[in-house]
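Read the structure below first, then the notes.
Since every read-out is calculated from the coordinates, none of them should be taken as a lab result. None of these values were measured; they are calculated from a predicted model. In this analysis, Cβ positions are derived from the backbone assuming ideal geometry, glycine residues included, and neighbour counts consider all displayed protein chains.
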Amino acid sequence: MKRSYSHYLMVGYVALFIGFLLLPLLIVGGAAFNDTRFPSVWPWKASTLHWFTQMAENRQLLVAVWNTLMLAVGVTLLSVPIGTAAAIVLNNTKGKSRALLYALMTAPILTPAAVVGISTLIFWRGVNVPAGIFMTTLGVSSIISAFVMLLVLARLQSFDRALEDAALDLGATNWQVLTMVMLPHLRPAIAVGAMIAFLQALEAFNVPLFARGNAETVTIYIASQVRIGVTPQINALAVIMILIAVAGGVTYEIGRRREHKRRLKLEGLAQAAEQAEERGELIY
Amino acid sequence: MSDFVRRYGWGLSAILVTLTAFWLLALVWVPYSVMIEKSFRLYLPVSEIGGPSDRYTLANYLSLFDMSASSEFLGLMVPIAVQVFLITVFYSCGVTIICFALAYPAAYFLAKKAAPAQIPTLFLMLAIPLFVSEMLRTFAWFIILAYQGPLNALLDAVGLSKVRWLSGYNGIIIGMVYTYILFMFFPIYNSLTALDNNQIEAAKDLGARSWQVHLNVIMPHAKPGISSGATMVFMFAVGSVLVPTLLGSPNSRWFTEIIIRSMFEGQDWNSAAAYAFLLLLVCLLFVSLVMKLFRVNLADITR
Amino acid sequence: MSEGVEISRVSVDFGRFRAVDNVSVDIRPGEFFSFLGPSGCGKTTILRAISGFLEPTEGSISIGGRPMRGIGPNKRPTALIFQNLALFPLMNVWENISFGLKVRGIDKAERRRRAEDLLRIVDLPDAADKMIAQLSGGQKQRIAIARALAVEPKVMLLDEPLSALDLKLRQHMRSELRAIQERTKVTFIYITHDQNEALAMSDRVGVMSKGRLQQVDTPERIYNDPVNGFVASFVGENSILEGRIQQLDRSQPCFVTADGAIACVAGPDLTNAARTKVYIRPETIKIGDEQTNTLPVVVNSVIFEGNVVSVIGRTESGAHLTSQFTNRPGLMLPSVGEKIKFTFAADAAKVLKVE
């Protein structure tokens with residue numbers, strides 16, 4: 001197939017697109033190693049790691065990191081069970097109720113996070129819950145649960161109801177059916193959901209902005225620093241966060257590829273067995 | 001209902017339903033309702049709560065139309081708050097359109113023309129900015145576009161004069177496009193992968209030119225993806241706090257700023273609630289418009 | 001030790017739709033019993049009621065004399081083989097087979113041992129560590145059976161288990177299933193729409209249509225003495241003639257068709273007013289004129305199927321009769337368009353109520 005002019009145009013465009021997306025990250029990361037007062041990659045003054053050490057000694061930043069980790073863990077622990085339960089409940093609803101329930105559940109995704117933040121603050125203060133990381137966890141979870149629900153719901157579509165019935169028929173209790181048959185099937189979706197919950201909570205800004213009380217998260221800290229005056233300490237932090245994100249993405253991809261290879265291999269074996277059967281060999 | 005209990009047993013069903021109800025009620029809909037309710041009440045000192053002046057009113061909403069704080073806008077005297085609101089919606093639409101124009105070709109190419117072997121890697125490279133937070137993406141451009149930043153340093157080195165990039169709404173637009181474009185890319189990509197190549201070839205076979213094929217065959221198929229992307233980008237843009245804050249300039253204001261000012265400086269949660277509700281309404285309006293225009297339903301839009 | 005199943009006046013309603021209508025039958029311990037009928041006749045519903053996945057709207061089901069109302073599927077002494085097998089994809093073969101033992105708290109070593117015993121019974125001795133996804137259709141069948149046998153059920157329920165298999169395999173599995181049943185002496189309740197299967201495998205067959213049990217009998221009697229038109233048509237081939245029965249109370253009833261009167265035998269529950277047709281098995285119609293009834297026909301087609309030959313003839317009024325006989329060397333076949341005579345005895349012509 002002859003490669004046409006338009007083909008190279010497209011390739012070039014996509015390369016530019018990807019480059020446009022990744023370049024700023026390289027700049028942000030690179031500035032962490034440059035010894036200039038204001039983060040920059042050009043001109044390059046001197047390579048240094050002292051921004052990293054400064055960051056490690058920055059008390060306020062470390063507290064913010066701790067708060068953010070607490071937030072991420074809390075959000076994950078809350079959203080994953082909720083999202084999974086909601087997906088199961090939704091999957092067992094039919095007709096008009098299902099459409100309604102679906103709308104109610106996905107609304108948080110289509111709502112500006114600022115609205116979520118404000119409503120969270122107003123409501124929980126009204127029942128005397130103080131603003132802080134706990135309240136922020138509640139607010140962020142209300143959104144993330146919807147994401148987890150969608151992921152688990154998609155995975156549920158490929159779940160054969162008959163497996164639940166078979167397990168029951170063989171004597172399993174309801175709880176055993178859930179833990180031994182359904183949850184193993186949902187495991188990939190739950191794992192991805194947990195990862196997304198964690199990462200999204202790390203980067204949350206609009207909700208913590210309103211619900212945080214006096215506690216700072218990393219994103220809030222960075223925003224406040226921008227106003228005061230940034231140093232490449234922030235970039236050092238950014239490098240770490242980028243590395244975490246990359247690690248997350250690469251892990252997911254490796255897992256996916258391995259699973260794919262496994263599946264192909266099994267299918268190949270099944271085909272061989274079918275063919276043997278057809279030939280009348282009927283061997284094991 | 002009884003089917004559900006039969007399938008999962010009483011204990012488990014109770015747990016599942018309770019978790020779901022806790023989420024939908026305590027975390028989502030009761031807070032929304034409380035916020036909306038509060039938006040119709042005045043911000044009163046503690047002593048006056050429950051008293052005669054504590055009644056339902058549209059005052060918080062009408063405060064936006066305070067004519068005393070108005071200036072010239074497009075030839076009319078418009079209250080500043082209304083100006084800011086309209087500008088926010090206007091630029092958000094602009095950002096949405098730009099994101100579409102940039103993301104669509106890339107999504108099309110990746111979905112249709114890229115070799116299957118390369119796709120996972122390319123995908124990963126594209127997904128990484130998404131994993132990195134909105135904060136960092138915005139911060140990246142803050143550095144790049146700053147007056148002392150690398151972009152200007154580059155221009156300086158080549159002999160051109162430095163440009164104040166972060167003036168007007170430029171910074172905000174560039175920042176938003178960069179930050180939100182992937183939310184347009186992935187949904188379009190998803191709906192394009194479902195498109196059968198045969199349809200495209202059939203259209204070409206019948207003599208359609210490239211742009212005709214796109215307009216009449218491909219884009220209709222990508223409708224769910226496009227509406228999903230447009231909805232998400234608009235919603236993020238209109239409700240964005242970070243980007244206008246970091247990449248704004250003295251003469252750019254975003255509607256979210258009004259909300260924040262009311263919330264924190266004025267401690268007037270009621271007005272803030274009203275403005276937030278307006279934000280929500282504008283998003284709802286946008287979603288409904290998109291759904292009507294593109295003739296898609298809710299399930300198509302949510303990833 | 002297997003048990004019998006007593007189904008007493010069971011009806012199952014889904015809203016306004018009555019899927020099972022007043023079905024009563026006593027299935028004996030150790031019996032191979034089949035429910036036979038077209039899709040939608042209610043046989044799957046009955047199976048689900050016996051296994052505990054739904055409760056009958058009316059009537060009761062007892063297993064071994066114990067009423068099963070209110071007892072869930074996980075507490076009944078039944079094991080179900082699903083139509084799509086429902087093997088657990090994330091577990092390997094021996095884990096699948098021993099699942100029922102695992103939920104009963106039996107330890108791993110013992111479970112593995114029993115799984116391997118069962119694999120020998122179903123003739124798959126080396127499959128223990130394979131994954132389900134790499135097995136063929138026939139292998140999966142046998143794993144499903146092993147899995148059900150592992151919990152030592154009193155009653156095995158099988159939901160059209162062979163429908164997804166191709167012909168040769170299906171025939172092989174038929175004899176396998178029957179052999180397993182005879183060996184283990186467990187009560188088998190089998191549902192199918194394939195009448196060959198039901199007749200070949202069962203001790204007794206219950207024919208169902210539209211939720212009602214039409215006839216419960218041995219395969220021979222189902223075939224030779226169908227009680228109504230539905231059973232006669234569903235099981236085996238027929239030539240069917242329209243008309244009206246007359247002289248019902250006399251010793252020789254006759255059936256008046258457009259082609260004349262036919263000496264016949266009357267089926268059960270007939271009145272003069274009932275809507276009836278006459279049903280004639282193809283192997284009872286011969287070419288010639290020696291029997292009581294003779295009809296002139298024009299040969300419409302001759303179908304040579306190897307061991308069996310079918311000749312279809314059209315009567316003067318346009319009805320079709322099929323004569324079927326075994327092939328033998330030196331056979332002279334009539335040609336299409338030839339005028340011949342079909343003949344059959346009076347007791348081959350059964351007048352039955354149209355269902």
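Miscellaneous remarks
- The lysines whose alpha-carbon is closer than 30 Å to the alpha-carbon of C:LYS353, local same-chain residues fewer than 8 away aside, are C:LYS43, C:LYS210, C:LYS277, C:LYS286, C:LYS341.
- Cα gyration tensor category, rounded, prolate or oblate, for region B:72-301 with a/c compared to 1.5: oblate
- Cα centroid separation, region A:178-211 to region C:139-207 (Å): 45 Å
- Counting only the Cα atoms, chain A fills a convex hull of 256 Å³ per residue.
- Each 20 Å bin, from zero up to the one with the longest distance, holds this percent of the alpha carbon pairs of the protein assembly as shown: 11, 31, 28, 19, 9, 2, 0.
- Dipole magnitude for region C:239-353: about 160 debye, using +1 per Lys or Arg Cβ and -1 per Asp or Glu Cβ, origin at the Cα centre.
- Positive-pole candidate from B:ALA194, B:VAL217, B:ILE259, dipole of region B:192-303, charges at beta carbon: B:VAL217
- For C:LYS353, residues with placed amide H under 5 Å, excluding near neighbours: C:GLY229
- Working from Cα pairs under 8 Å separated by at least six residues, relative contact order for chain A is 28 percent.
- Top of A:ASN91, A:ASN67, A:ASN174 by mean-square fluctuation, Gaussian network on chain A, Cα under 10 Å: A:ASN174
- Top of B:ILE97, B:ILE259, B:ILE200 by mean-square fluctuation, Gaussian network on chain B, Cα under 10 Å: B:ILE200
- Charge context of A:ASP169, other residues only, Cβ under 13 angstrom, K/R +1, D/E -1: +3
- Near C:ARG28, once Lys and Arg are set to +1 and Asp and Glu to -1 for all other residues with Cβ below 14 Å from its Cβ, the sum equals -3.
- Note that region A:64-71 has calculated 3J(HN,Hα) couplings of 4, 4, 4, 4, 5, 5, 4, 4 Hz, one per residue in order, obtained from phi through the Karplus relation 6.51 cos²θ - 1.76 cosθ + 1.60 (θ = phi - 60°); glycine and proline are x.
- Of interest is the spacing of the C-alpha centroids, which for region A:75-89 and region C:75-95 amounts to 28 Å.
- In a DSSP loop and with at most 12 other Cβ atoms within 10 Å, there are no chymotrypsin sites (Phe, Trp or Tyr not before Pro) in region C:13-84.
- Pairwise Lys count, chain B - Cα closer than 17 Å, eight or more residues apart or different chains: 4
- For region C:239-353, the convex hull drawn through the C-alpha positions has a volume of 97 cubic angstrom per residue.
- Of the trypsin sites (Lys or Arg not before Pro) found in region C:197-303, those that fall in a DSSP loop while having at most 12 other beta-carbon atoms within 10 Å are C:ARG250, C:ARG275.
- Taking every Cα-Cα distance in region A:27-146 and sorting them into 5 Å bins starting at zero, the pair-distance distribution P(r) comes out as 2, 10, 13, 13, 13, 11, 10, 10, 8, 5, 3, 2, 1, 0 percent.
- As a ratio to 2.2 N^0.38 Å, the alpha-carbon radius of gyration for chain C is 1.19.
- Average Cα contact separation per residue, region B:72-301, under 8 Å, 6 or more apart, as relative contact order %: 26 percent
- Largest GNM mean-square fluctuation among B:SER240, B:SER68, B:SER133, using chain B with Cα springs under 10 Å: B:SER68.
- Alpha carbon centroid spacing (whole Å) that separates region C:318-354 from region B:154-215: 76 Å
- Close amide H partners of C:ASN84, meaning residues 5 or more places away or on another chain with modelled amide H under 5 Å apart, do not exist here.
- Taking a straight line from the alpha carbon of C:LYS154, these lysines sit under 18 Å away, with near neighbours fewer than eight places off in the same chain left out: C:LYS75, C:LYS185.
- Region B:179-192 - phi-based ³J(HN,Hα) in whole Hz, Karplus 6.51/-1.76/1.60, Gly and Pro as x: 5, 10, 5, 5, 6, 8, 5, 5, x, 5, 4, 4, 6, 6
- Across region C:154-169, computed HN-Hα scalar couplings (Karplus, 6.51 cos²θ - 1.76 cosθ + 1.60, θ = phi - 60°) run 7, 9, 9, 10, 10, 9, 6, x, 9, 5, 8, 8, 7, 3, 4, 5 Hz from first to last residue, x flagging Gly and Pro.
- Assigned charges on the beta-carbon of Lys, Arg, Asp, Glu; region A:52-231 dipole about Cα centre (debye): 400 debye
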